[in-house]
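See structure below.
The values are calculated or read from the model by the stated rules, or taken from the named source; none is laboratory data. Quick caveat, the model's predicted, so the values are computed rather than measured. Heads up, the Cβs are rebuilt from the backbone with ideal geometry, glycines too, and the neighbour counts pull from every protein chain shown.
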């Protein structure tokens, strides 16, 4: 009778609610395969019973849905560490209420292979970690499995959950629509399933803990701790107008970790924060995005900062194909606002494209957002490796910058080309006596169009720019510069065949060294005649319609090394001079 009354109340509630229309099923209903009991206490569904083994507890439901204002309260013995819940029915789950567990330290697992949707009134109140997945089973550490298919029976042991498993490519999705989902300090919040979307002002949060999003598109397993994946295919992850934060707390001894792993990861108008507020927190990885393709467009901030004496974390982006970053308010950054050093930014991709003012930076020396006191930490470093190309366009920037301390280094390797168009690569020190960081660039082609590569300092020494390439093409008022306002300049070392169009400009804000030592005998003296370049019009014979017309040839310089040093070690350097090359010029065919 009680079961019938609860069922009728749930059905009546569903008919009156417009928020649950997205769910194909309704209510919170146990399937009785695991002895799960549900009792209604006003708007609270008290969940008891289940199967217990050691510190593990299993619950089984045929439907799992919550309306706004409702609470699913998992009640367990104080010795329970893992509450595992499976949904065995054919419908997805719609959660627009609160999922709660007051058992101290207990982690909660929710599996529904048909999909899970969190609405804008959804929330969490759990003492341990919260893992939601659309997996077909959870594998325990002793290799026993708990399947969502009820006909597989139940084999619960004392071993802890270790991995989520997927049987085929039909993987349900997970949607977070405006929800505010958080877990306790130092705990993990994970979403592991098919396509994952976090939209409409949603917030995923834990202090000094972990947030893990993994999109799965084929059979295989996902490890819960390492996020190791045996799947050959990954599903897309989309973050739109939302915030993910693992900022730690003042006395924490760990730095939070935020990890996204999917096929195509797209973020729009969203923020990813992993800031270090503790002086005791060790350095380490704080945001990792791994995907086939990564796209950040609009107003997107990915920040692993430090607001104290502790070091900032590492920001890591890894794509097997392309990373595209766009928008003047889009910034990938490891920043220091305190006395701690900024962390690293590491990027690995097939190709990297920055457009419309996008920035990748590791910066320090900026005012603390609360105390307004300028930070004193060192800027971190940028490490970028691509298989194909790096393209910066429209005032886009790769930079390590510091207001009061030293600047970090920039290391760039790309198999094909580095192309800057109205953009810049800089290791900048704006004040103080810190030395500027070095810049290392190693592609096949380097193209600078109205762009700058600079390693400048104020009171300290300028950095060194080392560019190794097959070809360097300079166009317009492009600048390569390694200067200091008050101290010694760095070196600009170019080892490449240099091509230029327009007015190239290579400078250390000083006169160049004499290059005669690399070519003591001019070509005219060695061969007895000077090189000549003759440009003539077309002859009287008509050109075939399918023939190629030659353009005006560029100037080509033989490979050489250019080094520019500021004479002396102090004082304001001389005004920059245009470089005059003395090598032979040969026409490009």
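Looking at residue 488, is it surrounded by fewer than 23 Cβ atoms within 10 Å (Cβ to Cβ) and modelled with pLDDT under 95? Talk me through it step by step, then tell me what you get.
Working: surrounded by fewer than 23 Cβ atoms within 10 Å (Cβ to Cβ): yes; modelled with pLDDT under 95: yes.
Taking the combined requirement at face value, the residue satisfies it.
Quick one: would you say residue 138 is crowded, with 24+ Cβ neighbours inside 10 Å, in contact (Cβ under 8 Å) with a residue 40 or more places away in the chain and either touching a strand residue (DSSP E or B) at 6+ places or on another chain (Cβ under 7 Å) or closer than 20 Å to residue 68 by Cα (or both)?
yes
Test residue 437 against the stated conditions and say whether it is surrounded by fewer than 23 Cβ atoms within 10 Å (Cβ to Cβ) and free of Cβ contacts under 8 Å to residues at least 60 places away in the same chain. Lay out the reasoning, then the answer.
Details: surrounded by fewer than 23 Cβ atoms within 10 Å (Cβ to Cβ): no; free of Cβ contacts under 8 Å to residues at least 60 places away in the same chain: yes.
For residue 437, the condition - surrounded by fewer than 23 Cβ atoms within 10 Å (Cβ to Cβ) and free of Cβ contacts under 8 Å to residues at least 60 places away in the same chain - is not met.
Looking only at segment 297-310, count every residue that is in contact (Cβ under 8 Å) with a residue 60 or more places away in the chain and either part of a loop (DSSP other than H, G, I, E, B) or more than 21 Å from residue 340 (Cα to Cα) (or both) and tell me the total.
Of the residues in segment 297-310, the ones in contact (Cβ under 8 Å) with a residue 60 or more places away in the chain are 306-307.
Subsequent filtering for residues that are either part of a loop (DSSP other than H, G, I, E, B) or more than 21 Å from residue 340 (Cα to Cα) (or both) retains 307.
Residues that pass the stated criteria total 1.
How about segment 27-127: which strands (runs of 3 or more DSSP E) wholly inside it have at least 3 residues that are surrounded by fewer than 20 Cβ atoms within 10 Å (Cβ to Cβ)?
Values: elements: 28-30, 36-41, 44-49, 51-53, 56-64, 71-74, 82-87, 93-95, 98-101, 107-111, 116-118, 123-126.
Output list reads 36-41, 44-49, 51-53.
Of the conditions (1) surrounded by fewer than 23 Cβ atoms within 10 Å (Cβ to Cβ); (2) under 18 Å from the mean Cα position of the chain (by Cα); (3) under 24 Å from residue 349 (Cα atoms), residue 243 clears all except one; give me its number.
(3)
Say whether the condition of being assigned to a strand (DSSP E or B), in contact (Cβ under 8 Å) with a residue 60 or more places away in the chain and crowded, with 24+ Cβ neighbours inside 10 Å is met by at least one residue in segment 256-264. Working first, answer last.
Keep residues of segment 256-264 that are assigned to a strand (DSSP E or B), which gives 257-264.
Imposing the further condition that a residue be in contact (Cβ under 8 Å) with a residue 60 or more places away in the chain reduces the set to 262.
Filter once more, so that each one left must be crowded, with 24+ Cβ neighbours inside 10 Å: 262.
Yes - at least one qualifying residue is present in segment 256-264.
From 148, 188, which residue is in contact (Cβ under 8 Å) with a residue 12 or more places away in the chain and more than 21 Å from the chain's Cα centre (by Cα)?
On the way: 188 fails: more than 21 Å from the chain's Cα centre (by Cα).
The conditions single out 148.
How many of the residues in segment 492-519 are at pLDDT 55 or above and under 22 Å from residue 432 (Cβ atoms)?
0
Scan segment 196-210 residue by residue and report those that are buried (at least 22 other Cβ atoms within 10 Å of the Cβ) and either modelled with pLDDT of 95 or more or on the phi > 0 side of the Ramachandran plot (or both). Working first, answer last.
If we filter segment 196-210 for residues that are buried (at least 22 other Cβ atoms within 10 Å of the Cβ), which is where we start, we get 196, 198, 202, 204, 206, 208-209.
Result: 196, 198, 202, 204, 208.
Please verify whether segment 153-168 includes one or more residues that are surrounded by fewer than 21 Cβ atoms within 10 Å (Cβ to Cβ), closer than 15 Å to residue 87 by Cα and without any contact (Cβ under 8 Å) to a residue 40 or more places away in the chain.
Within segment 153-168 (the criterion being surrounded by fewer than 21 Cβ atoms within 10 Å (Cβ to Cβ), closer than 15 Å to residue 87 by Cα and without any contact (Cβ under 8 Å) to a residue 40 or more places away in the chain), the answer is yes, since at least one residue qualifies.
Which of (1) part of a loop (DSSP other than H, G, I, E, B); (2) touching a strand residue (DSSP E or B) at 6+ places or on another chain (Cβ under 6 Å) does residue 466 not meet, given it meets every other one?
With (1) part of a loop (DSSP other than H, G, I, E, B); (2) touching a strand residue (DSSP E or B) at 6+ places or on another chain (Cβ under 6 Å) applied to residue 466, the lone miss is (1).
How many residues, within segment 454-463, are within 28 Å of the chain's Cα centre (by Cα) and in a strand (DSSP E or B)?
Adding up the residues that qualify gives 1.
Give just the number: which of (1) closer than 20 Å to residue 347 by Cβ; (2) crowded, with 24+ Cβ neighbours inside 10 Å; (3) at pLDDT 90 or above does residue 412 not satisfy?
The single condition residue 412 does not satisfy is (2).
Working carefully through the options 101, 133, 93, find the one that is under 26 Å from residue 32 (Cβ atoms) and at pLDDT below 95.
Numbers: 133 fails: at pLDDT below 95; 93 fails: at pLDDT below 95.
Checking each option against the conditions leaves just 101.
Residue 477 - would you say it is closer than 24 Å to residue 396 by Cβ, surrounded by fewer than 19 Cβ atoms within 10 Å (Cβ to Cβ) and at pLDDT below 90?
Numbers: closer than 24 Å to residue 396 by Cβ: yes; surrounded by fewer than 19 Cβ atoms within 10 Å (Cβ to Cβ): yes; at pLDDT below 90: yes.
For residue 477, the condition - closer than 24 Å to residue 396 by Cβ, surrounded by fewer than 19 Cβ atoms within 10 Å (Cβ to Cβ) and at pLDDT below 90 - is met.
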